[in-house]
Amino acid sequence: MENRTIVDALQWRYACKKFDPGKIIPEDTFQRILQALNLTPTSMGMQLMKFLVVQNTEVRKALVPHAYNQHQITDCSHLLVLCRESHVTQDFIDEYVNRSARIRNQDVNSSKIKGFKKMLESANLMSENDRVKWMSSQVYIALGVLLTACAVEQVDACPMEGFVPQEFDRILKLREKGLKSIVVVPLGYRHEEDPYQHLPKVRRELDTIVEYI
Ligand SMILES: Cc1cc2nc3c(=O)[nH]c(=O)nc-3n(C[C@H](O)[C@H](O)[C@H](O)COP(=O)(O)O)c2cc1C
């Protein structure tokens, strides 16, 4: 579409309830979406998250009953599970500090980098509750970037909190991976029979949701 604005793209998108199982996202499109997802900004740039692409059809079938039988899980082209790290480990911090210093050509032993590392380590000074909230809220920023990237690429998606995280974690063996599932996002192409695609958007008027002060 010529001159398609970001608003056109976001009007086009909707939470897809029924995917066409015969339509698969081309690999180059999917890779662009993943690259966009990886460009999500995060607190201190730490990226305490991981994005799982569940390709195994048997595993997907096993997940459906733990997602309130939402069949987008099996009908979609690509199933993403956005996860947070379970803990902020010293290994995770060290890897980030070293990678960042290498990419930006900085000396890891400089006082600047040492100060940076100390700041990152302060994540473990938070209470467990605060840290979990902090990590989870950043996964939701990734969700926003993902949904926007999909809209730009004209790929359909359905953000889903309607699932049982403990069951997803068990089936996907997330404890062993040091991860917790936060939000599930099937991607693909809308089925022509999905009536939701024709519904007008329900949003507040701009002048009730934005206030200039
Ligand atoms: C965090 C989050 C969780 C959601 N969980 C579900 C879900 O489990 N199943 C579903 O069909 N839609 C789910 N939705 C979709 C919302 O109902 C939908 O985005 C909202 O009604 C606005 O409609 P639109 O996205 O079609 O514009 C979720 C949306 C968000 C942002």
Problem - Diffusion coefficient, µm² s⁻¹, Stokes-Einstein with Kirkwood Rh over alpha-carbon pairs of segment 7-68 at 4 °C and 1.567 mPa s - result: 86
Problem - Set of aspartates and glutamates with alpha-carbon distance to residue 117 below 17 Å, sequence-local pairs under 8 removed - result: 91, 94, 95, 107
Handout entry: Where trypsin sites (Lys or Arg not before Pro) fall in DSSP loop in segment 61-156, at most 12 other Cβ within 10 Å
Key = 104
Practice task
May I ask which of 50/133; 112/180; 50/177 have a Cα-Cα span longer than 21 Å here?
Solution key: 112/180
Problem - Calculated [θ] (222 nm, deg cm²/dmol) that DSSP helices of n ≥ 4 give over the chain, each run adding -39,500 (n - 2.57) - result: -13000 deg cm²/dmol
Practice task
Evaluate segment 87-213: find the radius of gyration of its Cα atoms, find its Kirkwood radius, and give the ratio Rg to Rh.
Solution key: 1.08
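Could you list 49, 44 so that the one with the fewest beta carbons within 10 Å of its beta carbon is first and the one with the most is last?
Numbers: 49 22, 44 13.
Ascending Cβ contact count within 10 Å gives the list 44, 49.
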Fill in the blank from the handout: Diffing segment 113-119: the Karplus 3J(HN,Hα) column from phi (6.51, -1.76, 1.60, θ = phi - 60°), in whole Hz with x for Gly and Pro, holds 5, 5, x, 4, 4, 4, 5
Problem - Eligible aspartates and glutamates near residue 201 by straight Cα distance, threshold 13 Å, same-chain separation 8 or greater - result: 8
Practice task
Based on alpha-carbon positions alone, could you give the equivalent ellipsoid semi-axes of segment 1-118 from the gyration tensor, as √(5λ), descending, whole Å?
Solution key: 36, 21, 12
Exercise for the section: Working from Cα positions, state the angle (0 to 90°, nearest 10) between the long axis of helix 128-152 and the longest principal axis of the chain. Expected result: 50
Exercise for the section: Kindly identify segment 102-149 as rounded, prolate or oblate by the Cα gyration tensor criterion: order the square roots of the eigenvalues as a ≥ b ≥ c, call it rounded if a/c is under 1.5, otherwise compare a/b with b/c, prolate if a/b is larger, else oblate. Expected result: oblate
Fill in the blank from the handout: Under a Gaussian network model of the chain whose springs join Cα atoms within less than 10 Å, the largest fluctuation of 171, 24, 103 belongs to 103
Problem - Candidates 46, 126, 160, ranked by Gaussian network fluctuation over the chain, Cα under 10 Å, top entry - result: 126
Completion exercise
Computed on Cα atoms, Rg of segment 139-213 relative to 2.2 N^0.38 Å comes out at 1.46
Problem - Surface/4 estimate of mean projected area, convex hull on alpha-carbon atoms of the chain, nm² - result: 15.8
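List 155, 64 from most exposed to least, where exposure is judged by having the fewest other Cβ atoms within 10 Å.
Working: 155 25, 64 16.
In increasing order of surrounding Cβ atoms, one gets 64, 155.
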Problem - DSSP loop chymotrypsin sites (Phe, Trp or Tyr not before Pro) with at most 14 other Cβ within 10 Å excluded, longest remaining stretch of the chain - result: 69-211
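Can you bin segment 56-132 into rounded, prolate or oblate? Criterion: square roots of the alpha carbon gyration tensor eigenvalues sorted a ≥ b ≥ c, rounded for a/c under 1.5, prolate for a/b above b/c, oblate for the rest.
Prolate, since a/c reaches 1.5 and a/b exceeds b/c.
Throughout, read-outs are computed from the coordinates displayed, never taken from laboratory work. All figures in this text were calculated on a predicted structure; none of them were measured in a lab. So basically every Cβ, Gly included, is an ideal-geometry build from the backbone, and we count neighbours across all protein chains shown.
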